[in-house]
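Below: one structure, written as structure tokens.
The values are calculated or read from the model by the stated rules, or taken from the named source; none is laboratory data. This is a predicted model, so every value here is computed, not measured. Ideal geometry is used to build each Cβ from the backbone, glycine not excepted, and the neighbour counts take in all protein chains shown.
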Amino acid sequence: MKIKNSFFLILFSATVISCGENTESGNYSEEEIKKTSAELNDYFEREFQKELEESPMMKTRMGIKTDYGKWDDFSNLKYAEDLEQAKQRLDHLDKVDTASLNEETKLSFALYKRQVKNEIEDYDFRFYNYPVNQMHGYHAELPAFLINMHQIDSVPDAKAYISRLVGLEKVMNDIIEQLKIREQNGIIPPKFVFDRTLDASRNIIKGKPFTNSAEASTLMEDFSSKIEKLNISKEQKTGLINEAETALVDHVQPAYKSLVEFLENQQKRATDEAGVWKFPKGEEFYSNALARVTTTNLSADEIHEIGLNEVARIHGEMEKIMEEVGFEGTLQDFFEFMKTDEQFYYENTDAGKAAYLKEAKNIINAMKTRLPQLFNTRPEADIVVKAVEPFREKSAGKAFYQQPAIDGSRPGTYYANLYDMQAMPKYEMEALAYHEGIPGHHMQIAIAQELDSIPDFRKFSFFTAYVEGWGLYSEYIPKEIGFYKDPYSDFGRLAMELWRSCRLVVDTGIHSKKWTRQEAIDYYKKNTPAAESACVKMVERHIVMPGQATAYKIGMNKILDLRERAKKELGDNFDIKEFHDVVLTDGALPLTILESRVDSWVRSKK
């Protein structure tokens, strides 16, 4: 249930199952049901607020400025405290008779209870991840948090930023202690992770005030630029900047030097073995990870087979596009053409990167005008497009989304990684923007945050198969209303779906079938038109986030299956906008629960 640090830890979504309680409400009056439901929702809100009080970082992400100068608790002792809290919550929930609840509260109860149970069950695997990794490691995400989340609108806000700079030293010491405990339990990242994370960590303490360089360090530049916008005297600005410089030199620098020293030492003991099969109870852990991520009971072998079948199907659709554009040769020849022809890429220059961002904004703005054709419910929060910051672009993923502040003070953000323009082809721009922006993550996450009908804990729940399944589904639905007119752009859509289908094959290949890192890279290179750098990054993502990448295609397939089933059942009564309301207006759900909600809607329509 913890919301602590959920934005960059490996997120294992919860599977909701029948809890076995009596769900008949005949023994309770309407007034009793209303009262009991209200009491339980009050309990959910109290517990959510308790979680919030424990997470200054979550408050900041929500736009709340209390505890603005503090970090979350990163000590390993927090795991035991969280476990005890989860057990107390489960004990409370076990005493609830679900027959006394209304339907909406029954759903909240099932979601909350299952998440609590999963937290308890997952305690044994609490050290089965890599807190410092090239995708979402603390070393990069903490500075990114300050840059992107910590707004400075006043002198107290600036003081809070400086306080967080000071606090980074303790945070990093706690993280190093966590890394030591993981190593004692046989959990060490593969060799390649160290080069990526060491490079990013060293980048944080480059430039002024760490050296005599004329160029400011990443955090110094961020703080100074924010201070310059304040309506205060020059003397006050200078004083604040001097305080920040002192905090950076006295606390941030030793924090990162300690981390670098530890990683350099641990690197000597790392191996090339990639899969979690190498961990104690690795097979058990991976099965658990797949269940959490997909919210299904699919085995690694079943997921692997689904992936192979989807890859074959999409290859067939791509061959039809080859015929449409008059390309002669094999599919692999076509892949090579798409990877190397200059017409499909912006130049790897500042001008080329600016052109990419401009076009990405145009794509999102064009989709905004067509949303009424597909959706009754649309978010109030706006979305902006940004390039991934230079200090982390070398190791960060291809693209990702950052949620808006719940109070509207910060828009949602679609981040595009423009480090290697050969990994960001023009023909994939539409699909990528639809996935990360509109109607993808921004629609789903912003709508969930803005719902008045559900408890706060559900607004911030994250079920990977649902969230990423919706993102991938969102790449497809624009085609149904006339987008992807350019066949090469439609090829890009298929290339993105193919990419997610290959993930099913490769993730299970690495972690269940003992594929090497190179075998996994070769599979992507042979079966997709992606640049080699993208193939390498994706395989390295699989390695440090086991199971996570299987969620996309499993989730998309379920949403499409449910839609087709509803269409068949309802015929002319099927309304795509109503279907999307059913999918989006309960917040994130496990696929099993989403299926039951769609089935209930179909029955109500009939």
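Table: residues versus (1) at pLDDT 95 or above; (2) surrounded by 18 or more Cβ atoms within 10 Å (Cβ to Cβ); (3) aliphatic (A, V, I, L, M); (4) under 30 Å from S512 (Cα atoms).
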site: Q178; (1), (2), (3), (4): yes, yes, no, yes
site: I188; (1), (2), (3), (4): yes, yes, yes, yes
site: S201; (1), (2), (3), (4): yes, yes, no, no
site: F210; (1), (2), (3), (4): yes, yes, no, no
site: L248; (1), (2), (3), (4): yes, yes, yes, no
If L562 passes every condition in (1) surrounded by fewer than 19 Cβ atoms within 10 Å (Cβ to Cβ); (2) farther than 27 Å from T340 by Cα; (3) not β-branched (V, I, T) but one, which one does it miss? (1)
With respect to T60, is the statement that it is under 22 Å from the mean Cα position of the chain (by Cα), among the hydroxyl-bearing types (S, T, Y) and either farther than 26 Å from P404 by Cβ or assigned to a helix (DSSP H, G or I) (or both) true? yes
All conditions in (1) on the phi > 0 side of the Ramachandran plot; (2) over 24 Å from the mean Cα position of the chain (by Cα); (3) not aromatic (F, W, Y) are true of G547 except (2)
Of (1) in contact with a Lys or Arg (Cβ under 8 Å, 6 or more places away or on another chain); (2) at pLDDT below 95, P280 satisfies all except one. Which? (1)
E328 vs (1) more than 32 Å from the chain's Cα centre (by Cα); (2) in a helix (DSSP H, G or I); (3) exposed (fewer than 14 other Cβ atoms within 10 Å of the Cβ); (4) not basic (K, R): all pass except (2)
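Mind telling me which of the residues I314, I363 ends up being within 30 Å of S512 (Cβ to Cβ), buried (at least 19 other Cβ atoms within 10 Å of the Cβ) and not hydroxyl-bearing (S, T, Y)?
Answer to the selection: I314.
When the residues of segment 571-592 are narrowed to those that are under 18 Å from I445 (Cβ atoms) and of a type in the set (A, V, I, L, M), which ends up surrounded by the fewest Cβ atoms within 10 Å (Cβ to Cβ)?
Residue satisfying both the conditions and the ranking: V582.
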Matching option when the condition is under 21 Å from R493 (Cα atoms) and free of Cβ contacts under 8 Å to residues at least 12 places away in the same chain, among K558, K568, K525: K525
Where a residue in segment 43-57 is within 24 Å of F145 (Cβ to Cβ) and its partner, wherever it lies, is part of a loop (DSSP other than H, G, I, E, B) and of a type in the set (K, R), with Cβ under 6 Å and at least six apart: S55/K4; P56/K70
Output the number of the condition that V385 fails; it satisfies all remaining conditions of (1) buried (at least 19 other Cβ atoms within 10 Å of the Cβ); (2) touching a residue at least 60 places away in the same chain (Cβ under 8 Å). (2)
So F192 passes all but one of these: (1) of a type in the set (A, V, I, L, M, F, W, C); (2) crowded, with 19+ Cβ neighbours inside 10 Å; (3) over 19 Å from S217 (Cα atoms). Which condition number does it fail? (2)
Can we say D272 is charged (D, E, K, R) and within 27 Å of the chain's Cα centre (by Cα)? yes
Looking for whichever is surrounded by 19 or more Cβ atoms within 10 Å (Cβ to Cβ) and more than 30 Å from E393 (Cβ to Cβ) here; the options are R46, R89. Which one fits? R89
Where a residue in segment 460-489 is under 15 Å from T550 (Cα atoms) and its partner, wherever it lies, is in a helix (DSSP H, G or I) and polar (S, T, N, Q), with Cβ under 7 Å and at least six apart: T464/Q548; A465/T294; V467/Q444; W470/Q444
Is it the case that segment 504-516 has a residue that's on the phi > 0 side of the Ramachandran plot and without any contact (Cβ under 8 Å) to a residue 60 or more places away in the chain? no
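Taking the options D122, D94, name whichever one is of a type outside the set (F, W, Y), over 30 Å from L263 (Cβ atoms) and modelled with pLDDT of 95 or more.
On the way: D122 fails: over 30 Å from L263 (Cβ atoms).
Result: D94 is the single residue among D122, D94 that is of a type outside the set (F, W, Y), over 30 Å from L263 (Cβ atoms) and modelled with pLDDT of 95 or more.
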Residue that is nearest to E310 (Cα to Cα) [pool: residues in segment 495-518 that are among the hydroxyl-bearing types (S, T, Y) and not in a helix (DSSP H, G or I)]: S512
Pick out, from segment 348-449, the strands (runs of 3 or more DSSP E) lying fully within it that include 3 or more residues that are modelled with pLDDT under 95 and outside the structural domain of D222 (by TED's automatic domain parsing). 399-402
Note on segment 143-195: residues of a type in the set (D, E, K, R) and part of a helix (DSSP H, G or I) are D157, K159, R164, E169, K170, D174, E177, K180, R182, E183, K191, D195
